[in-house]
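Quick note: the coordinates plus some simple rules give every number you see, no bench work behind them. None of these values were measured; they are calculated from a predicted model. As a convention, Cβ positions derive from the backbone with ideal geometry for all residues, glycine included, and neighbour counts pool all protein chains shown.
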Amino acid sequence: MSNHLEQETKKRRTFAIISHPDAGKTTITEQFLLFSGAIREAGTVKAKGKKSKKFAKSDWMEIEKQRGISVTSSVMQVDYDGFQVNILDTPGHEDFSEDTYRTLMAVDAAVMVVDSGKGIEPQTKRLFEVVSHRGIPVFTFMNKLDRDGREPLDLVDELEEVLGIDAYPMNWPMGMGKNLLGLYDLYNERVELRNTDDDEDSHYLPLNEDGEVEGDHAFKDSTIYTQAMEDAQLLHEAGNEFDLEAIKNGKLTPVFFGSALTGFGVQTFFDAFVDLAPAPSAMEDENELEIEPTDEQFTGFIFKIQANMNPAHRDRIAFIRIVSGEFEKGINVTLERTGKTLRLAHTTQFMADSREEVEHAYGGDIIGLYDTGNLQIGDTIYSGKRKVKFPDLPQFTPELFMRVAPKNVMKQKSFHKGMEQLIQEGAIQLYKTYHTEEYIIGAVGHLQFEVFQYRLLHEYNAEVDMTPMGSKIARWIKPEDLNPNMSSSRNLLVRDRFDRPVFLFENTFAENWFKDKYPDVELESLL
Ligand code: G4P
């Protein structure tokens, strides 16, 4: 273990933001960039994703323009207070796909942004489930405190109940909306006032042993202050205890209140986040070998492949999460799946305002590798002689389905070849009906279908007919449980590419009907 590697790794924080669309993910990301000096103006991240002229020459930006996918902001590395913070984007809205989930396999922590007017929304819950499966820490930011939202106690209760995780309020709002006075902050033992000039002394007021602000302040007479103080103190006495171990294992989420838009409470949140979130930790390979980030051997795995949708350029970017060692431009690595040597010469790192060639990178960092089709999602790469293979990435239960068939029967061959490769690559999931052998593809977001169709046409010259089947609940059963009577008008029986039987139910009603009828048959979902 070298000192240099230890120092570099220790200051890395790699995380993703999980939230429902419109909760404020973009706004809080921007605040991170602002605080770290990576951008000077708010509004930059969004503008870039949608309509920047600056990168007009880049093919990648072409895709972004066409599709509104923000490739440039896929990964951002910023320097915050001496920490190298890697923010991995988890696209929502229309560009939601399995890549969104896979990205969560490459982070060491998650920030959960909740709209305090709305509470826990469906996409947040789904993303939380994926994160929670990994047992990594989740830091909650209750956003939009500058608006009248729901009662803080109500929000925290709902969070615990709906997500099944304990919560620990790190600070407590003193009012909200127009009446927002500030934050009563027991963790930092201070009150953080909202409306003050830039003078730090009047912004943060220390609490004494009784949890009171000393001295004469007009706000001390308000019920908002006394109420917040009482609530917070009660929570600390009767609620969950602060337990760093539980936070690190994802059993307890620290909850911060604030407003991303006005920047209030944001720095308090970031400071605690870099302080409490873990640095990259060891990862076990398939042979239960612990790979420490400080190991000299360079290792990493591919968690996402972004295909270029410009027909003139078939190159793609494979996103690699570095697990150990030091990446140096031009190093040779082995691609574990094929045993072939690759020279990592054309790599890119993602900054807020540019893409730069990477010279050095360490455990926790993400690098992008230009690829012409050699790499697959889940691949391990390593330097040196010791063979390393990280466990396969999990598969996720698709929610949307389409029937597909080649448009031109003369082009069956290219259709099958394209299907096979895209499925191997993890771009989409394939199912077949039992007797008729119809092809059904499954995805978690619509974008996957579009990319699939586009790539089949442009990379394999195969045009397809796609017929939407809408959303279904996919449940796997054990092959020995299968009996022909189970198939009915309320479900569709298919098999996945490993020949495992899967029922596609129309809705929970149909699923429950099946459960009632076959109580001994276990229905399973993927992650
Ligand atoms: P997202 O990436 O999670 O989808 O959300 P985003 O940050 O784009 O925020 C969604 C909307 O919520 C934006 O308004 C944004 O300005 C607003 N917002 C974010 N944080 C706060 C906050 O702390 N307080 C208040 N009051 N609003 C907040 P918009 O009008 O939909 O978009 P825009 O046109 O202003 O960009």
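Can you give me the Cα centroid spacing of the stretch 430-475 and the stretch 162-239 in angstrom?
Computed from Cα coordinates, the inter-centre distance equals 52 Å.
Over the stretch 247-304, calculate the relative contact order: mean separation of alpha carbon pairs under 8 Å at least 6 apart, over the residue count, as a percent.
Reported relative contact order: 17 percent.
Kindly give the semi-axes, whole Å and largest first, of the ellipsoid equivalent to the stretch 235-310, taking each as the square root of 5 times a Cα gyration tensor eigenvalue.
Equivalent ellipsoid semi-axes, largest first: 33, 23, 12 Å.
Residue separation times 0.36 nm, minus the C-alpha to C-alpha distance between HIS346 and ASP271: what's the value? Write out the running numbers ahead of the final one.
Details: separation 75, 0.36 × 75 = 27.00 nm, distance 3.45 nm.
Going from the current span to full extension adds 23.6 nm.
Within the stretch 407-508, report the chymotrypsin sites (Phe, Trp or Tyr not before Pro) that DSSP leaves as loop and that have at most 15 other Cβ atoms within 10 Å.
Hits after loop and neighbour filter: TYR434, PHE498.
Find the relative contact order for the chain and round it to a whole percent, using C-alpha pairs within less than 8 Å whose residues are 6+ positions apart. Each step should come with its number before you reach the end.
Working: 1099 pairs, mean separation 72.7, N = 527.
In percent, rounded to a whole number, it is 14.
Could you list the square roots of 5 times each eigenvalue of the Cα gyration tensor of the stretch 180-258, that is, the equivalent ellipsoid semi-axes, sorted largest first and rounded to whole Å?
25, 15, 11
Can you tell me which aspartates and glutamates have their Cα less than 15 Å from the Cα of LYS25? Leave out same-chain residues fewer than eight positions away.
ASP89, ASP95, ASP115, GLU121
What is the distance, in nm, between label points placed 7 Å from the Cα along the Cα-to-Cβ direction at ALA405 and at ASN485?
Calculated label separation equals 3.2 nm.
Among the aspartates and glutamates, which have Cα under 13 Å from the Cα of LYS407 when same-chain residues fewer than 8 positions away are ignored?
Result set, ordered by chain and number: GLU463, ASP465.
Among ASN188, ALA232, MET170, whose Cα lies farthest out toward the positive end of the dipole of the stretch 153-296, if unit charges sit on the beta carbon of Lys, Arg (+1) and Asp, Glu (-1)?
ALA232
So for the chain, taking the charge dipole from beta-carbon charges (+1 Lys/Arg, -1 Asp/Glu), which of PRO468, ALA23, VAL333 sits furthest toward the positive end?
Going by the Cα projections, it comes out as PRO468.
State to the nearest 20 debye the size of the charge dipole of the chain about its Cα centre, where the only charges are +1 on K and R beta carbons and -1 on D and E beta carbons.
Dipole magnitude for the chain comes out near 3480 debye.
For a quick check: with amide H placed at 1.01 Å from N, whose amide H comes under 5 Å from LEU261's, ignoring anything fewer than 5 positions away on the same chain?
Amide H neighbours of LEU261: LYS144.
Take the residue pairs LYS125/LYS413; LYS389/LYS411; LYS432/LYS517; LYS304/LYS329; LYS329/LYS389; LYS417/LYS515 and return only those whose Cα atoms are more than 30 Å apart.
LYS125/LYS413; LYS389/LYS411; LYS417/LYS515, as the Cα separations exceed 30 Å there.
Indicate, rounded to the nearest 5 percent, the antiparallel portion of the DSSP beta bridges found entirely in the chain.
Taking every DSSP beta bridge within the chain, about 80 percent pair in antiparallel fashion.
Express the C-alpha Rg of the chain as a ratio against the empirical globular expectation 2.2 N^0.38 Å, rounded to two decimals.
Relative to the 2.2 N^0.38 Å estimate, the chain comes out at 1.05.
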